[in-house]
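Read-outs throughout are calculated quantities, based only on the coordinates presented, and are distinct from any laboratory measurement. Remember, it's a predicted structure, so these values are computed and weren't measured experimentally. Cβ placement follows ideal geometry from the backbone for every residue including glycine, while neighbour counts extend to all protein chains displayed.
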């Protein structure tokens, strides 16, 4: 049940903040985040560092509601809110990293995920690296889309 609640809450936030004018950029971000999270979560679970429980619809060891809920929607919103100003982008990265970490903490506290040889700070480090990396990749996607529109 926690996966379904997180899924619904994520999509409510998504529809509140998503800008239809930047849909192409946002969808790229959502799909990229979903693909990366599926691979990373599967690998980390295979190493026995943490596990997901109460999966309604399993998807690479995760819940389908997790991948296509908070992961997809945060990725889409993150790409949408990419900033050309580097200082604002760092703030954007910190806000999204803390938001994602908060969601993960609630999932662990609900019992839907458990850490074995893992810690929340390790997740925070992974989140920061992911968002910093995707801010660069997102910039490339935005440039490609804008160049395509220019033709």
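Pick from 124, 132, 78: which is part of a helix (DSSP H, G or I), surrounded by 18 or more Cβ atoms within 10 Å (Cβ to Cβ) and touching a residue at least 24 places away in the same chain (Cβ under 8 Å)? Let's see the steps before the verdict.
On the way: 124 fails: surrounded by 18 or more Cβ atoms within 10 Å (Cβ to Cβ); 132 fails: surrounded by 18 or more Cβ atoms within 10 Å (Cβ to Cβ).
On inspection, the qualifying residue turns out to be 78.
Per-residue answers, yes or no, for (1) within 18 Å of residue 17 (Cα to Cα); (2) touching a helix residue (DSSP H, G or I) at 6+ places or on another chain (Cβ under 7 Å):
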residue	(1), (2)
68	yes, yes
75	yes, yes
101	no, yes
106	no, no
126	no, no
129	no, no
149	no, no
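Within segment 81-119, count every residue that is exposed (fewer than 14 other Cβ atoms within 10 Å of the Cβ), in a loop (DSSP other than H, G, I, E, B) and at negative phi.
Total satisfying the criteria: 5.
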